[in-house]
1. Mind giving me the FRET efficiency for Ser42 and Thr13? R0 is 30 Å, r the Cβ-Cβ distance, nearest 0.05 is fine.
2. Compute the length gained on full extension between Thr197 and Ser50: take 0.36 nm times their separation in residues and subtract their Cα-Cα distance, giving the result in nm to one decimal.
3. Note the angle between two axes, namely the Cα long axis of helix 163-188 and the longest principal axis of the Cα atoms of the chain, as a number of degrees from 0 to 90, rounded to the nearest 10.
4. Antiparallel DSSP bridges in the chain: what percent, to the nearest 5?
5. If each residue of separation counts as 0.36 nm, what is the full-extension length gain between Ala163 and Ala35 once their alpha-carbon separation is subtracted?
6. Counting other C-beta atoms within 10 Å, which of Cys15, Cys61 has the fewest, and how do the rest follow?
7. Scan (1) 16.7, 47; (2) 16.0, 50; (3) 18.2, 60 for the value of Rg and Dmax of the Cα atoms in Å calculated from this model and give just the label.
8. For Phe53, which sequence-distant residues (separation of 5 or more, or a different chain) have an amide H within less than 5 Å of its own amide H, given hydrogens modelled in the peptide plane?
Amino acid sequence: MDIEFSAQKYTKTSCNLLAYPVFEDEPDTSTMLRALDKLTGSVVSSLRSSGEFKPKLHNTCLIHRPAGLKAERLLLLGAGKQSEFNLSRLRELAGTAVRAAKSAACKDAALVARSDARLSHVAQVCTEGSLYGNYDGDLYKTREKESRELDRFILIDEPGRPASEIRDGIRRGTIIGNATNLARTLANEPSNIITPTTLAEKAT
């Protein structure tokens, strides 16, 4: 999966699915939500007021062909309470967004990273989470299945922040994410496949 960064407005991002985190204690009148609600023709506020979408952590609501956006789908992504939001939760949300995109048979997805943490850290945890969410551990299932892995993940942040931090964060996140997924694969292998010798070979 290719992992990219975009500093353009999320409204102009062309993708199969755009994931937008919404905080549980965030009022519809907040600047960010009001702008999104206006673009989509009050769909966001209507879903919240009706109770169809409650932004508890990992709750999701998928909107097809959202007005005002270039994305084919808008995924409202419950982010929990804003006061409890941190990099660890952002990592989890990136994974949730990727899994939702895979379930919808998307080939790419974008995430609006609503975090004011250091950009290299934001890029790292979003990269890690996207790789964890894209991981498929069903190595030995005999049934035929479609490939539901994403080809591309786009991290969207506000413009003007240093690109060097972004590249460094994506690089570190890719190393950690791929290493973790390799460990998961090795743990899923039977003992006749991963012998002490082959494990040592993998480790080197």
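Each value in this text was obtained by applying a stated rule to the coordinates, not by laboratory testing. Because the structure is predicted, anything quoted here is derived from the model rather than measured. Because the Cβ atoms are built from the backbone with ideal geometry, glycine has one as well, and the counts that use them run over all protein chains shown.
1. Efficiency for this residue pair is about 0.90.
2. Net length gain for the segment: 47.1 nm.
3. Compared with the principal axis, the helix lies near 50 degrees.
4. DSSP beta bridges in the chain are roughly 20 percent antiparallel.
5. 43.5 nm
6. Going from least to most buried by this count: Cys61, Cys15.
7. The calculated read-out lines up with (3).
8. Under 5 Å from the amide H of Phe53 lie the amide H atoms of Arg48, each far enough along the sequence or on another chain.
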